[in-house]
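What follows is calculated from the coordinates using simple rules that are stated; it is not laboratory data. Because the structure is a prediction, the values reported are computed rather than measured. As a convention, Cβ positions derive from the backbone with ideal geometry for all residues, glycine included, and neighbour counts pool all protein chains shown.
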Amino acid sequence: MDLGVNIDHIAVLREARRVNDPDIIDALSIVKLAGANQITIHLREDRRHIQDQDLKRIMDLSSLPINLECAKYEEMIDIAISSNPHRVTLVPEKREEVTTEGGLIVDESDKVLVKAIEKLQFKGIEVSLFIDPCVESINSSLALGVEWIELHTGEYSNVFAMLYGNLASSHHSIKRLELPRKDLEIKLRYELEKLKEISKYATELGLKVAAGHGLNYQNITDIASIDNIIELNIGQSIIARSIFTGLHQAILDMKTNLS
Ligand code: PXP
């Protein structure tokens, strides 16, 4: 299973002081040497972390393939095309959100989405859609002709956090499901089964399947054992651990969980 390391949070730290420290470019060789397979970055419309200049420098200097996440709108697609990453993952974006909160609504009659996919593919850029794990989104993704889908693992991660009290669950802003422990366990199994079934279904239809969001050193094991998921994109947990262990070790630690 391949690992894409999302390095946005290095830019989050830098933007806190608006100086070039840490320099995101320093991450490129470390991620590569630690054996990750791709760099993932999200150029948000509000530019809260990754900046246009980062994208340019990363494209110039990375020897790993770049998976650029962005919204479907024309301004972003034009930037993506002129940067020429190997893949663009289209994600939904709301300005007020803390992070990408759900999958894209995949509607075959969405002209903006259709145009974005056509323009990117015309330039030879692979397109992935970040979607919730459901049959309808897979069918629509197939109809839209994309090569990849990335399954949103946020729901699985949230339930896992509520059950096993990892770091995320103790944050004051996490909305807890008011469910007894037994029901949370059932829900966790249900979310895992859903990811298994949907990734199998998508693979059988010829889509390549990635997954990500909220994955960490505690909740990764069962997700990493799903055969039809061939790539995980992980950011927050790796960058958080890197503060204490260094980025190289944090990536090695994550890789030991992947088959
Ligand atoms: N994949 C996609 C499409 C994302 O938007 C994000 C978050 O930016 C990630 C993966 C990584 O999520 P996390 O930072 O929670 O590991």
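Compare the Cα positions of Leu207, Gln236, Leu195 along the charge dipole of the chain (+1 at Cβ of Lys, Arg; -1 at Cβ of Asp, Glu; about the Cα centre) and return the one farthest towards the positive end. It is Gln236, whose Cα lies furthest towards the positive end.
Per-residue Karplus couplings for the range 204-218, computed as 6.51 cos²θ - 1.76 cosθ + 1.60 with θ equal to phi - 60°, are listed in order as 4, 7, x, 7, 8, 10, 10, 8, x, 3, x, 7, 8, 5, 8 Hz, Gly and Pro entered as x. When the helices of the chain are scored as -39500 (n - 2.57) per DSSP H run of n ≥ 4 and the total is divided over every residue, the value at 222 nm lands at -14000 deg cm²/dmol.
Taken along the Cα-to-beta-carbon direction at a fixed 7 Å, the label points for Ile25 and Arg57 span 0.6 nm. In the structure shown, the pairs Lys115/Lys255; Lys32/Lys115; Lys182/Lys255; Lys115/Lys208 are assessed against 27 Å; a Cα-Cα span above that value is assigned to Lys115/Lys255; Lys32/Lys115; Lys182/Lys255.
So which lysines can Lys111 reach, going by Cα to Cα under 16 Å and dropping same-chain residues fewer than 8 places off? Result set, ordered by chain and number: Lys72, Lys119. Ranking Val135, Phe122, Asn158 by Cα position along the charge dipole of the range 115-159, where only Lys, Arg, Asp and Glu carry charges on their C-beta atoms, puts Phe122 farthest toward the positive end. Counting beta carbons within 10 Å around each of Thr203, Thr89, Thr221 and listing the fewest first gives the order Thr221, Thr203, Thr89.
Dipole size of the range 170-259 about its Cα centre, with +1 on Lys/Arg Cβ and -1 on Asp/Glu Cβ: approximately 220 debye, rounded to the nearest 20. Taking only the C-alpha atoms of the chain, the Rg (one decimal) and the largest Cα-Cα distance, Dmax (whole number), read 17.6, 51 Å. GNM remark for the chain: springs join alpha carbons under 10 Å apart, and the peak mean-square fluctuation among Glu147, Glu204, Glu15 falls on Glu204. Using the Cβ-Cβ distance between His248 and Lys111 with R0 = 41 Å, the FRET efficiency computed as 1/(1 + (r/R0)^6) comes to roughly 0.35. In the elastic network of the chain, a GNM with C-alpha springs shorter than 10 Å, the most mobile of Ser199, Ser83, Ser157 is Ser83. Based on the convex hull around the alpha carbon atoms, the range 50-139 presents an average projected area of 6.4 nm².
What you get for the chain, charging only the Cβ of Lys and Arg (+1) and of Asp and Glu (-1), is a dipole of about 520 debye around the Cα centre.
Extension gain, Gln121-Glu193: 0.36 nm per intervening residue step, less the Cα-Cα distance, totals 22.7 nm. Relative to the Cα centre, the charge distribution of the range 20-95, modelled as +1 at Lys and Arg Cβ and -1 at Asp and Glu Cβ, gives a dipole magnitude of about 240 debye.
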